[in-house]
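Student: Below: one structure in structure tokens.
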Amino acid sequence: MAKHFHVNTPLLESISMSKHVGTTVFLKMENSQPSGSFKIRGIGHLCQQRATQSKGVVCSSGGNAGMAAAYVARKMGLPATIVVPSSTPQLVVQRLKDQGATVKIVGKVWDDANGEALRLTETEGLTYVPPFDDPLLWQGHASIITEVAASLGPVVKPGAVLVSVGGGGLLCGVIQGLKDVGWTDVPIIAMETVGADCLNAAVKAGRVVTLDDITSEAKCLGAKTVCKKAFECTQSSELTIISELVTDQQALHAVETFLDEERVLVELACGASLAAVYSGLIRRLQDEGRLPTVLGPLLVIVCGGSSIDMKQLANLKHKLQT
């Protein structure tokens, strides 16, 4: 079996994004993973630890975690059942089936699908693959930062890291990675869209809260409750984590601008972090004194997305304009 299922993704300098923020911007291109997103790092690692003797895996997902679990299961020769909410685009359902997975559509949001996945774990004896809340996932995702450190060399380190937050798995992985390479002084800017803002709501409340509903179109950010570890890290003095929001419209504009400037199509969830550059949010944080005026290289994790194509992009545009 392969040492791991993910690939070492490119770290690219973006001249156009660097112009927007006035400092060098590096893009960690997780969209180029075999499953289309960073999720394969953690899920591959978890499955290698837990599923080698399994009769099959089950994963609840808004798209990307399911794609990663289906890909890894196929490579390991295991059956995969992926439970998705009804908000999942048809192209994702088809891609999951193309990977050989059985797809079940349950409920309106991820939390509903997750309930079914947990039930199947009990009744069918399948290995549960959580999409974001597990230390093994975070260990796998931490390899993003290890790779960045190796690419930048011993002299250069980021001035800040930009990351989209759904349930908090990637955030926890980035935190772990920064600790692993000794970059705990590097601030993390955790981006969410309004209406899928479980981390920001928790930060404001001072405790983990559950959103009433997911009203954002960034369905891959659509966990109603952030994982406890991610929230706890925002309360710790060990790292600086800045929680910020953008609108769906700002995230969509970022997706379109990124497509124009970098020739790469990513989904709305990924657009949340890109929007921090394009919407002027980085500049605002500098003006507010929350980021240094002279900022070192900005590391943007292009988390990817398997749930977008040009038709889906057009649909999003139509929805958000009406």
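Student: Within the range 63-87, restricting attention to residues that are open to solvent by 20 Å² or more (accessible area, probe 1.4 Å) and assigned to a loop (DSSP other than H, G, I, E, B), which residue is nearest to Lys104 (Cα to Cα)? Can you show your working first?
Tutor: First, pick out the residues of the range 63-87 that are open to solvent by 20 Å² or more (accessible area, probe 1.4 Å): 71, 74-79, 81, 86-87.
If we keep only those that are assigned to a loop (DSSP other than H, G, I, E, B) as well, we get 77-79, 86-87.
On the way: Gly77: 20, Leu78: 17, Pro79: 14, Ser86: 10, Ser87: 12 Å.
Top of the filtered list is Ser86.
Student: Looking at the structure I just gave you, is Ile145 in contact with a helix residue (DSSP H, G or I) (Cβ under 7 Å, 6 or more places away or on another chain), crowded, with 21+ Cβ neighbours inside 10 Å and under 19 Å from Gln33 (Cα atoms)?
Tutor: yes
Student: Moving on. If we scan the range 149-163, do we find a residue that is under 23 Å from Ile82 (Cβ atoms), in contact with a Ser or Thr (Cβ under 9 Å, 6 or more places away or on another chain), surrounded by 19 or more Cβ atoms within 10 Å (Cβ to Cβ) and modelled with pLDDT of 95 or more? Spell out the reasoning first.
Tutor: Narrowing the range 149-163 to residues under 23 Å from Ile82 (Cβ atoms): none.
Scanning the range 149-163 turns up no residue that is under 23 Å from Ile82 (Cβ atoms), in contact with a Ser or Thr (Cβ under 9 Å, 6 or more places away or on another chain), surrounded by 19 or more Cβ atoms within 10 Å (Cβ to Cβ) and modelled with pLDDT of 95 or more.
Student: Of all residues in the range 164-221, how many are of a type in the set (A, V, I, L, M), outside any loop (DSSP other than H, G, I, E, B) and open to solvent by less than 30 Å² (accessible area, probe 1.4 Å)? Full working, then the answer.
Tutor: Going through the range 164-221, the residues of a type in the set (A, V, I, L, M) turn out to be 165, 170-171, 174-175, 178, 181, 186, 188-191, 194, 196, 199, 201-203, 205, 208-209, 211, 214, 218, 221.
Filter once more, so that each one left must be outside any loop (DSSP other than H, G, I, E, B): 170-171, 174-175, 178, 181, 188-191, 199, 201-203, 205, 221.
Still in the running and open to solvent by less than 30 Å² (accessible area, probe 1.4 Å): 170-171, 174-175, 178, 188-191, 199, 201-202, 221.
Matching residues across the range 164-221 total 13.
Student: May I pose another question? Restricting to the range 22-60, give me the number of residues that are of a type outside the set (Asp, Glu), open to solvent by less than 10 Å² (accessible area, probe 1.4 Å) and assigned to a helix (DSSP H, G or I).
Tutor: So the answer is 7.
Student: Here's something else I'd like to know. Scan the range 242-250 and give yes if some residue there is surrounded by fewer than 20 Cβ atoms within 10 Å (Cβ to Cβ), in a helix (DSSP H, G or I) and charged (D, E, K, R), otherwise no.
Tutor: No, there is no match, as no residue in the range 242-250 is surrounded by fewer than 20 Cβ atoms within 10 Å (Cβ to Cβ), in a helix (DSSP H, G or I) and charged (D, E, K, R).
Yes or no, residue by residue, for (1) among the aliphatic types (A, V, I, L, M); (2) touching a His at 6+ places or on another chain (Cβ under 9 Å); (3) over 30 Å from Thr247 (Cα atoms):
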position: Gln94; (1), (2), (3): no, no, no
position: Thr123; (1), (2), (3): no, no, yes
position: Pro131; (1), (2), (3): no, no, no
position: Leu136; (1), (2), (3): yes, yes, yes
position: Ile145; (1), (2), (3): yes, no, no
position: Ala149; (1), (2), (3): yes, no, yes
position: Ile175; (1), (2), (3): yes, no, no
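Student: Quick check on my filter: what residues within the range 96-105 are surrounded by 21 or more Cβ atoms within 10 Å (Cβ to Cβ) and either touching a residue at least 40 places away in the same chain (Cβ under 8 Å) or part of a helix (DSSP H, G or I) (or both)?
Tutor: Leu96
Student: So, one more: Tell me, yes or no, whether the range 189-207 has at least one residue that is modelled with pLDDT under 95, among the hydroxyl-bearing types (Ser, Thr, Tyr) and within 16 Å of the chain's Cα centre (by Cα).
Tutor: yes
The values are calculated or read from the model by the stated rules, or taken from the named source; none is laboratory data. For clarity, every value in this text was computed on a predicted model and none was experimentally measured. Heads up, the Cβs are rebuilt from the backbone with ideal geometry, glycines too, and the neighbour counts pull from every protein chain shown. What goes into the accessible areas is simple: the full protein's heavy atoms, side chains included, and nothing from ligands, DNA or RNA. Shrake-Rupley method; radii C 1.70, N 1.55, O 1.52, S 1.80 Å.
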